[in-house]
1. Could you please give the count of residues in segment 157-185 that are among the basic types (Lys, Arg) and outside any helix (DSSP H, G or I)?
2. Looking at Tyr243, Tyr257, which one is among the hydroxyl-bearing types (Ser, Thr, Tyr) and over 25 Å from Gly57 (Cα atoms)?
3. Regarding segment 109-123, can at least one residue be identified that is surrounded by 19 or more Cβ atoms within 10 Å (Cβ to Cβ), part of a loop (DSSP other than H, G, I, E, B) and within 15 Å of the chain's Cα centre (by Cα)?
4. For Ile22, all conditions in the list (1) touching an Asp or Glu at 6+ places or on another chain (Cβ under 8 Å); (2) under 20 Å from Leu280 (Cβ atoms); (3) of a type in the set (Val, Ile, Thr) hold save one; what is the number of the exception?
5. Working carefully through the options Val17, Val113, find the one that is within 22 Å of Pro162 (Cβ to Cβ), among the β-branched types (Val, Ile, Thr), touching a strand residue (DSSP E or B) at 6+ places or on another chain (Cβ under 6 Å) and modelled with pLDDT of 95 or more.
6. Pick from segment 221-259 the residues that are of a type in the set (Gly, Ala, Ser) and under 12 Å from Pro135 (Cα atoms): which of them is surrounded by the most Cβ atoms within 10 Å (Cβ to Cβ)?
7. Which residues, taken from segment 35-48, are in contact with an Asp or Glu (Cβ under 9 Å, 6 or more places away or on another chain), farther than 17 Å from Ile203 by Cβ and not charged (D, E, K, R)?
8. For residues that are touching a residue at least 60 places away in the same chain (Cβ under 8 Å), more than 26 Å from Val46 (Cα to Cα) and either assigned to a helix (DSSP H, G or I) or aliphatic (A, V, I, L, M) (or both), tally how many sit in segment 222-247.
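The values are calculated or read from the model by the stated rules, or taken from the named source; none is laboratory data. Here the structure is a predicted model, which means the values were calculated and not measured. Glycine gets a Cβ as well: all are built from the backbone with ideal geometry, and neighbour counts include every protein chain shown.
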Amino acid sequence: MNTYSDYNYTTVPTQFVEVNGIRFAYRSYGKQGGVPVIYLNHLAAVLDNCDPRVMDGIASQHHIISFDYRGVGTTSGIAPDTISAMATDVIAFIKAFGFSKVDLLGFSLGGMVSQEILLQEPQLVRKVILAGTGPRGGFGMNNITKITYIDILRGYLTFRDPKFYLFFTQTKNGKNAARQFLKRILERTENRDKKISIKTMNIQLKAIHAWSLEAPADLSSIKHPVFVVNGDHDRMVPTPNSYDMAKRFPNSELIIYPDSGHGGIFQNHEIFVEQALAFLSK
């Protein structure tokens with residue numbers, strides 16, 4: 001019989017759990033015991049958009065679970081149109097496994113949802129990693145929809161995945177990292193997830209835009225250890241938001257990667273995994 005540790009992210013099976021009438025698709029593997037890590041994905045992402053190197057790196061020392069939000073990929077239902085509702089879904093998903101405490105690793109949209117989880121049910125979380133993300137009402141985050149559509153068009157005109165532009169700098173190093181990342185997320189050849197629909201992506205963009213216009217949350221009330229990480233040239237969620245969050249969380253660490261964009265944790269996956277494991281082990 002296979003054990004969780006026998007898998008890497010390109011072979012771990014997709015499973016399903018029903019929560020409040022929603023059938024959530026998820027992948028679960030890694031070292032068992034201890035506090036599990038819940039990976040919260042980015043805008044328009046399905047299970048196959050998780051970076052295998054990041055997932056396998058965390059799985060080497062922790063049980064890690066990735067999943068599709070409601071209405072995304074092969075998870076049933078209609079996508080929520082608020083970040084708060086997404087957080088409520090994720091809390092219910094976590095509790096379905098009987099976990100009393102989890103660590104969160106939220107990238108981009110996932111980082112926004114993670115912050116809402118901290119506010120809604122702080123006792124459920126031990127530590128949180130916020131990557132390529134910003135706070136509610138953050139600087140320049142009202143431009144995410146515009147930037148996303150511009151780079152979707154750029155991708156269409158240049159026959160590239162839009163993430164080539166959205167996630168990476170257009171320097172030599174950034175372009176090389178983009179090519180490598182885009183190859184990695186295609187390494188899984190069997191039982192791939194269903195791609196997100198344009199309709200669902202637009203619902204997520206609406207939720208992000210509304211969240212960006214809301215009054216800032218009081219992050220000083222969050223006492224959890226928080227690791228904030230980003231690239232120094234994040235166009236989607238401008239890097240100043242990372243500095244802002246690190247100042248506003250009372251117990252935070254901040255790492256900014258040079259010559260890196262929104263997907264800084266993917267471009268610098270080796271050092272990021274090392275730093276993330278060190279943070280989670282403290």
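1. Residues that pass the stated criteria total 1.
2. Unique residue meeting the criteria: Tyr243.
3. no
4. Condition not satisfied by Ile22: (2).
5. Only one candidate qualifies: Val113.
6. That would be Ser242.
7. Result: Val35, Pro36, Val37, Ile38, Leu47.
8. 4
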